[in-house]
Each structure stands twice: as C-alpha cells, then as structure tokens.
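The values are calculated or read from the model by the stated rules, or taken from the named source; none is laboratory data. Since the model is a prediction, treat every value here as computed from it, not as a measurement. With ideal geometry, Cβ positions are generated from the backbone for all residues, glycine too; neighbour counts draw on all protein chains shown.
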C-alpha cells in the first residue's frame, strides 16, 4: 500500500478567486448561451500539494507561528489570512460562505485568504453541529463581528504605527490606508504591532452597512472547486495513515440483535485478512453508539470486504425480529384514527367541523427513507497511548469527540477529531457510531484503522427517516373557505434512538411545519399520535417537515379541488390577511419551539408566505396556457427552519407511469442570504431530493431486516427526470436569516404530488409513487384533472 | 454480462505474471488478487483518491474512469482484464486540471458536496469526445447512470453544454 498521506488540516486550498458580480444565475446562463464561456477570473489550475510528513503529532506549523486574534481568524506576517471554518462542509458551501463574510467584514484581500477546517472544539468555536440549517442563521452576527473586530484591531495598529488617530485610517482590501496622506501598510506588516495592543473595545467595532459590503449577499466562487474537479478533495476514505488497516464489519441484521457464534475459518483464509474482532452490541437503544457485530481487519479494502463475506455468523435477532413495515403502515394508520396529544389548539375544532357546510378528510403515508448520501459512512482512527485521533466526515465533531471518549473511557481532552469533507451528510453523519467503531478497532489492533461501510451497510444499518401516517380533516363553509383544520400524525420518534420506552414524537415536534402552519383558520387542532420505533430513527434532511410538507401540501390542493378553486388562489385565501403571530402565546403547547429562535425574532408571518406564493405564481407562469393531458403544475408553500418557500413544479407523466420534472420555480424568503448562488444551489438540490422522496425511495422491513440493499432497489432521482429549467427567486431581505439547506424539500414534496394530480387525475396519498401511475391514461376517473 | 477475457497463464506457468498497465501515463504493475476491482487498485495501491467508491455495483457512477478511452465503472472492472490497458482517472484527465469540462464545472459552480463529480466529469468527457454538441436528450442518456444526491443535475447539463461551446 502506498504511504502517500493526505492530511486534511494541512491542505491549503488553491488561492480563492473573486467573482464579485451581481449577475443572477439566469443572466449568467444567458451569457453562456449567447457565446463564450464566462470563465471565473484568476488561474484555475491544479495546485499539487507537498505530501505531508507522516507523524501523527506533527504540528500544523502555520498554526504554531501564526497569531489568532480571534478563534476564527489567524494572521501571518506574510499577509496570509487564515479563516478557520468550524462547520462541516457537506455541499451547502459553508467553507465559502463563512470565510467570505469574515473576509468581507475585515477588509481582507480574498486572494490572500485560505480556509482550514477546525478540529472538533466547541468551547473554542461555538456549536459545530452542522444540522438544522443553522450555520448562517445562528452565526451570521458572530462572523460579521469577528471580521469587524479584527478590522478595527488592524486599523488601531496602523494608527499607532503612524502616530495618528484611529479615525484617520481605514482598512481596504488587505491594507490599512491613512486617509489624509494615502500611505498604506499591509495587514501582514501590522501583525507584529497588532499582537501587542489590546483588542478594540466594543464601541470601536462597527459591522458594515449593506452598501459597504463587497461580497456578502452577492457572489463568491466556491473555494473547493479546483480540488473537487480534479480529484484532490479529501473525503473520509481519502485519509491514509502509515500502517493503516481497513476494517469491514458484519453488523446485526436486526436492530438490537447480538452475535451468538462466529465461524471465521474461511474469512481468515482470505489473503490480506489479519484479524477478526467481535464488537459488543451497545445497550439498547444505543443512541450514537455502534450496533456491534464482527469486524474483519485486513491490509486492503478488498481483502476486508471479501473477508467479511466469508464470515459465518449466528445471530440472536432480539426483540425487533418481527418488524414488518407493511404491517407497521397499518399500525400507524390506525393510530391517526384515534385522538392524540394536542400540539396546537385554537378554538373548538370538533364544533367547527360539525357546523361546516362540507367536511373533507384524507390520509397520507410516507415510508422509511435513507439518506443514501453518496459517500458511505467511513472513519479513520488512531488510538495509542491513551489518546485517540480520528479523521472522519462528521457533521458534529464535538459529538464525535465526546462519544468516542465515552465509548473508550478516555478523557474528552485526549480525543482529537479532524473533519474531512463530507460526501453528502443529510443528517446521517451527525451520528458518530462509525467513528466509535474505528476508534475501538484501532485500539484493539494497535494500528490506525479505517472502517469502511459498504453501500449495503449504509442502507441497512442507518438511522432511518421515520415512516409517517397523517390524517387531515377540514371543514369548508358554503363559499369554500376553510373554517376548521384538524390534523393528526403518527411516526416513531428520533427520541426512541436515545431513550427506552419512547412511544412516539412529542407534541412540540409538530412545530417543524405542522402545528406552525400560517393558515387563517379560526378553529384548528394539530395532534401527535403514538408510534413505537423498531429500528434506529434519525434526522434526515428536513426531518419530519418532509412528510408534514407532503401531507399538508397535498391536502390543501385537495381542498382547493373540492372547492373548485384555483389552487394558488385557494392557498392565498387560506393564508388570509397579512399578520404576525407569536404561536407561543397563540395555540402551541409549551415549549413551543421555533427552531431554537424566539417567536419575537421569528414570528409566524403570513405576509412572507403570501409574498413567496405570489412570486412563484408570477414567475412560473402559473396562470399561463393550460398544459396538455399528462402534464401538470402543482403548487405548495411551507415554512420550516424559519424560512418561507413556495414552489411550482411542472411534471410530465409518461403512460408507463414515469414522472419527469421539466420545470420548477421556487421563491424563497429566508431573510438575509449571505451567498445567493449557494442558496439557489440548495433549492435546486431540494427539488431533486424531494423527487427521490416522493417518486422513488422507500426502505421496507421484513423479519426485522431492511429489504433493500443498494441503489438497484433503493431508487433515487437521476439525470433524465431532473428539471431542465429551474428558477429560484430569492426575496431580497436584510431580515434575520432563516435556514437554507432544509426548507426547500417540504414544499417540493407537496408540489410534486399536486402536479401529478393535475397531470393525471390520480391523487397519490401513499409514497413512493413508484409504479402506482403505470397505465394511468386508461384509468377511469382521470378526466377531472385540474389544469 | 460483460465478457471478461480469460487470463489463464500459458502452459507450465503456475503463477500468473504481474499485470502491467498504464495509469495516467505511468506504467504500473499489479500482482495481487486478479479478481480485485480496478477501483481498489487505484485507491488503495496508487492513492489516486479522485475515483470514488459509492455503490460497488455499477449503479452510481462515482468510480468512472477511462479504460482505453471508454467510460468504465472501476468498481466492476477486475484487474485480470486490464493487462496492457491504458487507464485514465480524474487526476489524469488534463495535466493542469483545465479540461473544458473542469473549467465549465467551476464557472457554473456545479459541485455541492463534490463526491460524485469526478465520475460525472469522466463520463461527460467521453460524451464530448464523440459528440461535440450534445442535446439535453444526449446528455440525459449519457449521464443517467450517475447519481448525485445533492441534486446538481441541472448544473451538470449546463456545464456540459458550456464546455461543448467552449471546445468549438
């Protein structure tokens, strides 16, 4: 095996180049279409990096010599500005967005900036748990303040050097200028002075006004583009340590299962297999800890895989051996037919329903889903002399650090976690079970170990998205206005992965887009019904807002059809007059979570929902010419993660039932958007992930085991079905930022289902769509399709 | 099923000779398990990490490389079939990483997580080599074997067209 080693924390990205135009993506693509390629300024070549030395304890020399005026910022006397990204990069672009905010505020020269990935160290950096679409919405003010503080410090330093008043100098793109004389001094030349003077007092720190910003809210070329397009970007499996072994593990096929007996005779005969180690099953429910199983440790990935295949293991499958997802679907449906615990109550819904001119009800179901991020989980660990060092694609390095420490009974201070790039995360990589496996095995064999999960492992032993049943009932008055809204849902809780005897989600979990709907309906009740977990449940991008968005988005469309109204007009009427609502005092049960934000900062604002609906109606051509049979448009709006997103999706349904999405239009109000192009990219991706969720993906269980094994039977959206025309409209705003990574998926799920109805007249209430639409043109009752 | 040429050694030879092949212009030898997929030779033996493991069964395209100029899923191509072959990986696509596709990928900021993009670019390169002006339909047909869970498909289409335009 080659000894070449890649050390993520020593990697220096190619000098980032600035592409600070304000072109919209559409204008940009238009330029592409009308002539030459618009090439990003600067050289985009491959920058080969020196292979780093192999010592685990080799210090980052730049760290040793550079000075850190702030946890996120290092300055070198040579003028290099190092920005330490404390959040994990999994495709959302945080390794560009965070540095561009800081560098903008500190007036750094972007071509002299580099980005390094932080170690897991939350006392130093603040939360590193990259989930919940929180990076910008929780940290924007902190990033701005960090940059502005260092800018003020450098200005103070120049003023002192020159013996002038701080107000007479100004920082500009990597230098400080004396306004009167025009003389300048570089940031690098100021380091020596800057490190000796006090940090500026708060009153000296002034965050830029919008007109002063150079890059924030505009455009910045992503910093990892060269490594990502030349194969040099470092993901989890790309970390190689000297003497490293590779482990592949046979895990219990059923959640809670244990090893009874292992026959490893054949496995040991595989060339390259060195050790077989049994990993004990963690006490149920296990949380972030490994499932246990039998590890084959070998000199190469291939040998470890072959060795694992050759194991003969007898399992005790434990209490979940009869889990059957088809039967469980019926259990969930029964659950929502009984009253649950209220998460929101306004007025008296039973009375309002009884008095309604018309009552409409429908049930919806969504199955287990898997993240299926393209990089299967993987971790490298080296445990020696009572210390553990790991390299892994983790969303929450501090959780990884604490969990490994607890698992190996080490002090947290003796565990170091390096974060590589994540080949997709979507919530799977916020659970560090796989990191614990690598750490345990490294200690066991006395050498660095990479634990490689196969695709099959990833699909069969994940923390799956909950299957969910929903029952919605509404009352309409004689004019078709909604006067009562009654919503019940049931799904096994994420909490069941961490505590025994959890019998379903908490009422407060409904605040993820079910109980906090912005409808103007006087009598509302939203309830959660019991559901017991029989496999590991976890966060998956957008979490329960996925099925909230599908069920609510579909039901509103069904109501519009019943009322014989245009679905967009109906949606606007349902939003009612513009108003803000503090739901913590208006219906929600306590604690009335609002994605960690206060209701004062982020009230439910129906005007923001209305504006994104109006924008998407206008920009999609919703009121344009009717589409032919087999094509249709669907609309939905959803608030989640503090952002408002409306979508119009256009589908084409082929006679064989294949669903294509030729066009999608998105309008987003997420408050201030720091990096518009990455926000657009997240919305483009959200539509495609919703296509997988709605059209293709499903994990089923039989005899406690996952039935699917790989992308052959776990369907995901591919190029052919993907939109050829995606338009993303970002509502300009200086408001407090909301999330971007997740809020696009829920409305897309509803909009796709509604577009299918418009195209075919078939209302799909159980997902995935799969083959349900095969032969749809010859079915009875399809003529009442909408537009 | 793909035909895999037999590599039974000539009479009297009990051990197969090392397999020799060219990877990114460099002659390489392999004398390990002949049934090992090319993917693990590239990743584990040569430390060419740009070629990714995504599924292991030719369903996702993340491991796409060129073998004698044709797009091949390295996870399925066994070493025993590669005697004398010329293999190009993403690291060898262009000496300075400035293939028109690589340039277009950057101009359009295609990647999100980036994990699938080596395979996507390698596949697209063989499409452009035989079709200088691919339509959406051509692109869909050529690229449908690749999975991007981040959902960069629309930008991949735009980048392929931009690169084709640039290459005119």
Exercise. Does the range B:29-66 hold any residues that are more than 7 Å from every other protein chain (Cβ to nearest Cβ), at positive phi and touching a helix residue (DSSP H, G or I) at 6+ places or on another chain (Cβ under 7 Å), and which are they?
Worked result: B:61
Exercise. With respect to residue A:486, is the statement that it is surrounded by fewer than 24 Cβ atoms within 10 Å (Cβ to Cβ) and in contact with a helix residue (DSSP H, G or I) (Cβ under 7 Å, 6 or more places away or on another chain) true?
Worked result: yes
Problem set entry | Matching residues, the range A:174-214, being under 17 Å from residue A:82 (Cα atoms) and surrounded by 15 or more Cβ atoms within 10 Å (Cβ to Cβ) | A:174, A:175, A:186, A:187, A:188, A:189, A:190, A:191, A:194
Exercise. Just a yes or no: is a residue in the range A:87-95 more than 12 Å from chain B (Cβ to nearest Cβ), in a helix (DSSP H, G or I) and either under 26 Å from residue A:683 (Cβ atoms) or modelled with pLDDT of 95 or more (or both)?
Worked result: no
Problem set entry | Flag if residue A:201 is away from every other protein chain (no Cβ under 14 Å), within 20 Å of residue A:673 (Cβ to Cβ), out of contact with any strand residue (DSSP E or B) (no Cβ under 7 Å at 6 or more places or on another chain) and without any contact (Cβ under 8 Å) to a residue 24 or more places away in the chain | no
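To keep it simple, each residue is scored yes or no on (1) modelled with pLDDT of 95 or more; (2) touching a helix residue (DSSP H, G or I) at 6+ places or on another chain (Cβ under 8 Å); (3) over 30 Å from residue A:742 (Cα atoms).
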{"site": "A:371", "(1), (2), (3)": "yes, yes, no"}
{"site": "A:382", "(1), (2), (3)": "yes, yes, yes"}
{"site": "A:415", "(1), (2), (3)": "yes, yes, yes"}
{"site": "A:425", "(1), (2), (3)": "yes, no, no"}
{"site": "A:460", "(1), (2), (3)": "yes, no, no"}
{"site": "A:475", "(1), (2), (3)": "yes, yes, yes"}
{"site": "A:479", "(1), (2), (3)": "yes, no, yes"}
For this session: Kindly indicate whether any position in the range A:92-113 is out of contact with any strand residue (DSSP E or B) (no Cβ under 9 Å at 6 or more places or on another chain) and without any contact (Cβ under 8 Å) to a residue 40 or more places away in the chain.
Result: no
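What residue, of A:362, A:447, A:405, is surrounded by fewer than 24 Cβ atoms within 10 Å (Cβ to Cβ), in contact with a strand residue (DSSP E or B) (Cβ under 9 Å, 6 or more places away or on another chain) and either on the phi > 0 side of the Ramachandran plot or part of a loop (DSSP other than H, G, I, E, B) (or both)?
Sole residue among the options that is surrounded by fewer than 24 Cβ atoms within 10 Å (Cβ to Cβ), in contact with a strand residue (DSSP E or B) (Cβ under 9 Å, 6 or more places away or on another chain) and either on the phi > 0 side of the Ramachandran plot or part of a loop (DSSP other than H, G, I, E, B) (or both): A:447.
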Problem set entry | All positions within the range A:369-384 that are assigned to a strand (DSSP E or B) and surrounded by 24 or more Cβ atoms within 10 Å (Cβ to Cβ) | A:369, A:378, A:379, A:380, A:381, A:383
Exercise. Restricted to the range B:95-116, and to residues that are surrounded by 24 or more Cβ atoms within 10 Å (Cβ to Cβ) and more than 7 Å from chain A (Cβ to nearest Cβ), which residue is nearest to residue A:236 (Cα to Cα)?
Worked result: B:110
Exercise. Is it the case that some residue within the range A:645-658 is crowded, with 24+ Cβ neighbours inside 10 Å, more than 14 Å from every other protein chain (Cβ to nearest Cβ) and in a loop (DSSP other than H, G, I, E, B)?
Worked result: no
Problem set entry | the range B:117-144, residues that are within 8 Å of chain A (Cβ to nearest Cβ) and not in a helix (DSSP H, G or I) | B:144
For this session: Name every residue in the range A:691-721 that is facing chain B (nearest Cβ under 9 Å) and under 20 Å from the mean Cα position of the chain (by Cα), in order of residue number.
Result: A:691, A:692, A:716, A:717, A:718
Exercise. With A:664, A:626, A:670 as the choices, which residue is in contact (Cβ under 8 Å) with a residue 60 or more places away in the chain and out of contact with any helix residue (DSSP H, G or I) (no Cβ under 9 Å at 6 or more places or on another chain)?
Worked result: A:626
For this session: Kindly provide the set of residues from the range A:288-308 that are without any contact (Cβ under 8 Å) to a residue 60 or more places away in the chain, within 12 Å of chain B (Cβ to nearest Cβ) and either surrounded by fewer than 22 Cβ atoms within 10 Å (Cβ to Cβ) or out of contact with any helix residue (DSSP H, G or I) (no Cβ under 7 Å at 6 or more places or on another chain) (or both), ordered by number.
Result: A:303, A:306
For this session: Say whether the condition of being assigned to a helix (DSSP H, G or I) and without any contact (Cβ under 8 Å) to a residue 12 or more places away in the chain is met by at least one residue in the range A:451-460.
Result: no
Problem set entry | Answer from B:12, B:25, B:69 - the residue that is at positive phi, modelled with pLDDT under 95 and more than 13 Å from chain A (Cβ to nearest Cβ) | B:12
Exercise. Out of curiosity, is residue A:603 in the same structural domain as residue A:746 (by TED's automatic domain parsing), surrounded by fewer than 24 Cβ atoms within 10 Å (Cβ to Cβ) and free of Cβ contacts under 8 Å to residues at least 60 places away in the same chain?
Worked result: yes
